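Right, one structure below, let's go through it.
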Amino acid sequence: MRGLVIIFTLALPLAVGAHAQPVLTQHPELAALASQVSPERLRATDTQLVGFGTRHSLSDTKSDTRGIGATRRWVQARFSEQSKSCGGCLEIQTPSESFTGARVPQPTQIMDVLAVQRGTSDPGRVIVISAHMDSRNGDPLDGRGDAPGANDDASGVSAVLEAARILSARKFPATIVYAVLSGEEQGLMGARVLANQAVAQGWRVEGDLNNDIIGNTHGMSGVMDNSHVRIFSEGTRTTETAQQSQSRHDAGGESDSPSRSLVRFLQGLADSYMNGLSVKAIYRPDRFGRGGDHREMLAQGFPAVRITEAAENYTRQHQNVRVENGVHYGDVLEGVDFDYLAQVTRLNVVALAALAQAPAPPTDVTITGAITPDTVVSWKQGADAPLASRGHRVWWRDTTSPQWRFNRQSAGDSLTLAGVNIDDWFFGVSAVGADGYESPVVFPGVTGSFDRIPPAQAPAPFVLGVPPK
Ligand SMILES: [Zn+2]
């Protein structure tokens with residue numbers, strides 16, 4: 001029929017991130033920090049790490065050109081250089097412990113290299129970025145053969161060093177720890193050293209952003225993805241007690257651990273500040289049957305997430321470098337997309353700055369209002385209270401929604417939401433600084449608190465799963 005125009009409106013799929021915790025105040029300085037990330041510098045760092053031949057935890061420690069010893073001294077030297085250019089702002093720590101185990105036949109020192117950038121007003125509050133420097137080939141016990149580990153996990157270490165270079169030029173209220181770990185491939189040992197160090201030094205860890213395998217864009221089955229990054233998180237806390245589990249069960253909150261709150265926070269940042277990179281939240285502690293260094297932080301009761309590429313390529317992980325039936329195996333530089341690695345690094349830089357600049361998350365968040373038409377949300381200011389001078393923001397969302405939807409600000413320490421029935425919504429509270437920087441949203445009770453829940457007993461060593469064939 002003439003004159004009739006039919007307009008088809010395509011139902012576009014919702015962006016993956018979809019403003020999980022919306023960013024309500026834009027900060028151009030975060031975009032400026034992100035723009036300083038250099039793919040060329042990431043490539044140079046990764047190339048240097050691959051140049052050590054192997055970085056296996058059982059490899060040579062004396063050589064200056066090959067093995068784990070040369071690697072950790074090189075990382076330490078990079079941190080020292082960075083510290084010189086910021087007037088000594090980085091304190092370098094090299095905690096180590098001796099391990100033996102299924103993948104460590106002889107007692108072996110597993111040493112991490114940490115750079116600590118002390119916060120200006122709340123140094124006890126700590127944001128961690130971590131990655132592991134050790135590598136392996138097809139044989140988990142081979143400390144001699146080549147194991148380039150360009151993606152697993154020189155990509156992550158390159159991101160940590162780049163973040164330290166950029167962020168050490170600024171000061172933040174909270175402390176940032178740049179953690180380059182070892183012993184991951186032998187059973188998350190360096191991460192255990194880090195977690196023990198955090199406990200021993202009394203750090204209030206607000207989150208560990210663990211970056212492991214973050215640079216490949218060509219997956220299996222022809223998949224190519226350079227516009228998403230996966231972030232894995234636990235829904236409920238590793239260290240919650242049976243009693244805490246029971247109260248969470250009764251009130252709901254299976255998807256509101258502080259680690260998952262961090263993912264929503266990162267999703268919001270990606271939606272606001274990243275051009276062409278979205279966060280794909282995965283509601284699992286880690287990839288199926290596999291483990292990563294954030295698990296040791298979770299086991300000590302600290303919030304932690306795993307950041308990893310969207311499309312993994314298993315022919316490039318834990319393989320001897322070779323060509324077989326026309327297939328190239330091995331974790332070599334050609335498998336790293338440095339423009340993509342730069343994108344993931346930018347997200348880390350933005351997240352670290354946003355977390356360290358924001359006030360501490362509120363504590364003691366509670367809700368009341370059963371058998372009334374209203375909900376009362378109350379909280380206490382976190383440490384570094386003067387920072388939270390713009391007050392707090394109460395958020396709520398449908399119980400079936402992954403994303404915070406409504407919000408209302410309060411200058412006090414409680415807010416009554418008239419006509420909002422407590423049964424029908426999930427609630428949370430964030431702290432907002434005078435400059436508009438906002439903390440992650442805290443779900444009520446122990447379920448969502450960023451305060452550490454120490455494990456009831458010493459955590460058992462993580463049992464390595466069976467890697468996919
Ligand atoms: Zn790894």
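The values are calculated or read from the model by the stated rules, or taken from the named source; none is laboratory data. All of these numbers come straight from a predicted model, not from anything done at the bench. Here the Cβ positions follow ideal geometry from the backbone for every residue, glycine too, while neighbour counts run over all protein chains shown. Just the protein is used for accessible areas: all its heavy atoms, side chains included, with ligands, DNA and RNA removed. Shrake-Rupley method; radii C 1.70, N 1.55, O 1.52, S 1.80 Å.
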Completion exercise
Flagged in the range 211-234 as under 15 Å from PHE265 (Cα atoms) and either within 16 Å of the ligand (Cβ to nearest atom) or surrounded by fewer than 16 Cβ atoms within 10 Å (Cβ to Cβ) (or both), in numbering order, are VAL229, ARG230, ILE231, PHE232
Practice task
Pick out the one residue from SER83, SER96 that is of a type outside the set (D, E, K, R), farther than 17 Å from HIS132 by Cα and in contact (Cβ under 8 Å) with a residue 60 or more places away in the chain.
Solution key: SER83
Fill in the blank from the handout: Counted residues in the range 288-309 being assigned to a loop (DSSP other than H, G, I, E, B), within 16 Å of the ligand (Cβ to nearest atom) and in contact with a strand residue (DSSP E or B) (Cβ under 7 Å, 6 or more places away or on another chain) come to 2
Handout entry: Selection within the range 165-185 - touching a helix residue (DSSP H, G or I) at 6+ places or on another chain (Cβ under 8 Å), farther than 29 Å from SER57 by Cα and of a type in the set (D, E, K, R)
Key = ARG170
Practice task
Tally the residues that are farther than 30 Å from GLN117 by Cβ, surrounded by fewer than 21 Cβ atoms within 10 Å (Cβ to Cβ) and either touching a residue at least 40 places away in the same chain (Cβ under 8 Å) or of a type in the set (Gly, Ala, Ser) (or both), restricting the search to the range 335-371.
Solution key: 4
Handout entry: Single residue of the range 64-80 satisfying the filter (free of Cβ contacts under 8 Å to residues at least 60 places away in the same chain and open to solvent by 30 Å² or more (accessible area, probe 1.4 Å)) that is nearest to the chain's Cα centre (by Cα)
Key = GLN76
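A quick yes/no check of all residues on (1) assigned to a loop (DSSP other than H, G, I, E, B); (2) modelled with pLDDT under 95; (3) under 26 Å from VAL336 (Cβ atoms):
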| residue | (1), (2), (3) |
| --- | --- |
| PHE8 | yes, yes, no |
| GLN21 | yes, yes, no |
| LEU24 | yes, yes, no |
| ARG43 | no, no, yes |
| ASP46 | no, no, yes |
| PHE52 | yes, no, yes |
| ASP60 | yes, no, yes |
| ASP64 | yes, no, yes |
| THR71 | no, no, yes |
Exercise for the section: State whether the residues of the range 125-135 include one that is more than 16 Å from the ligand (Cβ to nearest atom), acidic (Asp, Glu) and at pLDDT 95 or above. Expected result: no
Problem - Residue in the range 172-180 that is at pLDDT 95 or above, out of contact with any Gly (no Cβ under 6 Å at 6 or more places or on another chain) and within 11 Å of the ligand (Cβ to nearest atom) present - result: no
